[in-house]
Amino acid sequence: MNLSYLLDPAHWDFSDGSIPMLIVSHLWYVLLSLAIGTVVALPIGLWIGHTGRGSFLAINAGNAGRSLPTLGLLMLMVTLLGLGLTPVLIALTVLVIPPVLTSAYAGIRNLDHRVVDAAKGVGMRPWQVLTKVELPMALPVLMSGFRSAALQVVATATVAAAVGLNGLGRLLIDGLAVNDYSRVLAGAIVVAVLAVVLDLILALAQRWVVSPGLSKR
Amino acid sequence: MTTYLSNNWDTVLTALEQHIWLALLPVVIGLVAALPIGYLGVRFPWLYHPLVNVCGVLYSIPSLALFVFLPVILGTKILSPLNIVVALTIYTVALLARTVADGLKAVDPLVVQSATAMGYRRFRRLTDVELPVALPVILAGLRVATVANISLVSVGALIGVGGLGQLFTRGFQLFYVEPIVVGIVLSVLLAGLADLIIVLLGRLITPWIRFQEAAS
C-alpha cells in the first residue's frame, strides 16, 4: 500500500477514468442530489416548522431516511430502471432529504417564541414572518443539517461504482478487483479531501449567509 | 415475494443474524470507547476542537474504503467479519465521542457546583451526576449511530461480508428484484426495532425526564 497511484501524473491527465474526471462525475452526483433533496425537503421542513402541523413526520423522517440502506436502494433502482444517472440520484437524494427536512423544522421550532410573536405584532404577514424572521434565524441550524447531508453524500456516492457507474468509487471497486491497494488508497484519500474541502466551502457560505446579528460577529 | 421467502428462508435468516451481529457489536464497543474519549474532550477544553475535527474526518472516509483497507492494516483476511466490526466501531466512536462531549458540556454548571459542594469527588461526580444528566443527549446520539450502522453493514456485501447486503448483491447480479426488496424491508424493520428499543430503554433509565415533563 503506497501513494504511487495517487502521485502518478498519468492518472491526472483528464482522460477517461483519470482522477480529475472521476472527481467531476463524483461532484456531479453529489451536487445534483443535494440540489434535488433540498428543493424537495426545504419547503416541507419550513412549512412544518412554521405551522407546527405534521411535526411527527419531521421528527421521524430523520431516522427513517437513515435506516434505508443506500446500496440496496441503488441496486433496486438499477434493477427496475436500468443503468443511468436516475437510480444514483434517487438513492442519494433519499440521504439528503431527512437531515435537511429535520433541521429546517428544528431550526424554526426552537426559535424564541417572543421573536415570532413580535414579528406578528408589528404587522408582518405569515409569509413575511417566515421569510424575514424564521428562515434567517433558523439558518445556523439549517446549514449544519445541510453540511452533514453533504458530508454523507460525498462519502456514500462511492457506491455508484458498485453498479458500474462512475464517481470516485471506481478507484475503490476497480482497485479492489485487481488487488491494487494503492488505487484504493488514492480513492479513499481523494474522497476524504473532497469532503473536507466541501465542508470548508459550506462553512464559509454559512458565515456569509447567516446574519451578523445571529453569529455575534 | 412470499415464494422467494419460503424458498430461501434459511439464507435470509442467516443473513439477518449476521447483520444483527455486525451492526450491534460495534455500537456496544463504540459506546464504551466513546465515553472516556468524550470525557477527555471536556476535561481538557483544548482537546475539544481537535476531537471534533478528527471525528468529522473519520466519518467522511467512505465505508467501502475502510472495509477494504482494514485487512491490510489489521492483517485479517478480506472475508473476515472482523473488518466490518472494526470499521463500524470507528464510525460509532467518531459519532458518539462528540455527542458525549457535547452532552457533558451542556450539563448546567450549577448542578456540577452543587454536587462538588455536597462532597462529590471528580469520578463519582461524573458517574453519579454528570453522566446521568447528559444521558438524553448521549441516547439521541446512540440512536443515530445504531440506525446508521444497520444501514451501513450492507455495504460490506461488496467485499463479501454484509449480512442482508448479500441479498442486494445477489438480486443485482441475477437481475431479480425480490431478494433486494426483502433485504431492504428487513434492514429498515431491524433499524426501527433497534431504535424503539433504545427509546424505551432510555425512558426506563431516565425516569426523572417524565416527571420534569409532567411538572412543566
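Within the bounds of region B:13-24, is there any residue that is part of a helix (DSSP H, G or I), closer than 18 Å to residue B:155 by Cα and among the hydroxyl-bearing types (Ser, Thr, Tyr)?
Yes, the conditions are met somewhere in region B:13-24.
Starting from region B:36-65, keep only residues that are more than 14 Å from chain A (Cβ to nearest Cβ) and within 23 Å of residue A:155 (Cβ to Cβ), then list their pairs with residues that are surrounded by fewer than 17 Cβ atoms within 10 Å (Cβ to Cβ) and of a type in the set (Gly, Ala, Ser) whose Cβ atoms are within a distance under 6 Å, requiring at least 6 positions of separation or different chains.
none
Restricting to region A:164-189, name every residue that is facing chain B (nearest Cβ under 10 Å), aliphatic (A, V, I, L, M) and surrounded by fewer than 20 Cβ atoms within 10 Å (Cβ to Cβ).
Passing the criteria: only A:189.
Kindly indicate whether any position in region B:98-110 is buried (at least 17 other Cβ atoms within 10 Å of the Cβ), within 30 Å of residue A:185 (Cα to Cα) and either touching an Asp or Glu at 6+ places or on another chain (Cβ under 8 Å) or touching a residue at least 24 places away in the same chain (Cβ under 8 Å) (or both).
Among the residues of region B:98-110, at least one is buried (at least 17 other Cβ atoms within 10 Å of the Cβ), within 30 Å of residue A:185 (Cα to Cα) and either touching an Asp or Glu at 6+ places or on another chain (Cβ under 8 Å) or touching a residue at least 24 places away in the same chain (Cβ under 8 Å) (or both), which makes the answer yes.
I'm told residue A:148 meets every condition in (1) in contact with a Lys or Arg (Cβ under 9 Å, 6 or more places away or on another chain); (2) surrounded by fewer than 23 Cβ atoms within 10 Å (Cβ to Cβ); (3) within 11 Å of another protein chain (Cβ to nearest Cβ) except one. Can you identify the failing condition by its number?
Residue A:148 satisfies all of (1) in contact with a Lys or Arg (Cβ under 9 Å, 6 or more places away or on another chain); (2) surrounded by fewer than 23 Cβ atoms within 10 Å (Cβ to Cβ); (3) within 11 Å of another protein chain (Cβ to nearest Cβ) except (1).
I'd like the residue in region A:1-44 that is within 14 Å of chain B (Cβ to nearest Cβ) and surrounded by 18 or more Cβ atoms within 10 Å (Cβ to Cβ) and, out of all such residues, is nearest to the chain's Cα centre (by Cα).
Filtering first and then ranking leaves A:30.
Considering region A:190-217 alone, what residues qualify as being of a type in the set (Gly, Ala, Ser), without any contact (Cβ under 8 Å) to a residue 40 or more places away in the chain and surrounded by 13 or more Cβ atoms within 10 Å (Cβ to Cβ)?
A:192 - this is the single residue of region A:190-217 that is of a type in the set (Gly, Ala, Ser), without any contact (Cβ under 8 Å) to a residue 40 or more places away in the chain and surrounded by 13 or more Cβ atoms within 10 Å (Cβ to Cβ).
Provide a single number: the residues in region A:45-75 that are over 21 Å from the mean Cα position of the chain (by Cα) and buried (at least 22 other Cβ atoms within 10 Å of the Cβ).
The qualifying residues number 0.
Picking from A:68, A:73, A:81, A:95, which residue would you name as being in contact with a Pro (Cβ under 6 Å, 6 or more places away or on another chain) and within 12 Å of chain B (Cβ to nearest Cβ)?
Just a single option satisfies the conditions, and that option is A:81.
Based on what the data block shows, is residue B:104 within 14 Å of another protein chain (Cβ to nearest Cβ), aliphatic (A, V, I, L, M) and closer than 17 Å to residue B:33 by Cβ?
Answer is no for this residue.
Restricting to region B:146-192, and then to whatever is within 18 Å of residue B:84 (Cα to Cα) and of a type in the set (Val, Ile, Thr), can you tell me which residue is farthest from the other protein chains (Cβ to nearest Cβ)?
B:161
Working only within region A:72-96, note down all residues that are within 21 Å of residue A:147 (Cβ to Cβ) and not β-branched (Val, Ile, Thr).
Once the filter is applied, which keeps residues that are within 21 Å of residue A:147 (Cβ to Cβ) and not β-branched (Val, Ile, Thr), region A:72-96 yields A:89, A:91, A:92, A:95.
Residue by residue through region A:102-127, note down the ones that are under 19 Å from residue A:44 (Cβ atoms) and loosely packed, with under 13 Cβ neighbours inside 10 Å.
Hits for region A:102-127 are A:110, A:126, A:127.
Rundown of residues vs (1) of a type in the set (Gly, Ala, Ser); (2) within 18 Å of residue A:23 (Cβ to Cβ); (3) in a helix (DSSP H, G or I); (4) at pLDDT 90 or above, yes/no style:
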residue: A:144; (1), (2), (3), (4): yes, no, yes, no
residue: A:153; (1), (2), (3), (4): no, yes, yes, yes
residue: A:160; (1), (2), (3), (4): yes, yes, yes, yes
residue: A:179; (1), (2), (3), (4): no, no, no, no
residue: A:184; (1), (2), (3), (4): no, yes, yes, no
residue: A:189; (1), (2), (3), (4): no, yes, yes, no
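Of all residues in region B:66-91 being touching a residue at least 12 places away in the same chain (Cβ under 8 Å) and aromatic (Phe, Trp, Tyr), which is surrounded by the fewest Cβ atoms within 10 Å (Cβ to Cβ)?
Looking at the filtered set, the residue picked out is B:91.
What residue, of A:7, A:22, A:32, A:74, is at pLDDT below 90 and under 28 Å from residue A:190 (Cβ atoms)?
A:7
The values are calculated or read from the model by the stated rules, or taken from the named source; none is laboratory data. Just so we're clear, the structure is a prediction, and the values are computed from it rather than from any experiment. In this analysis, Cβ positions are derived from the backbone assuming ideal geometry, glycine residues included, and neighbour counts consider all displayed protein chains.
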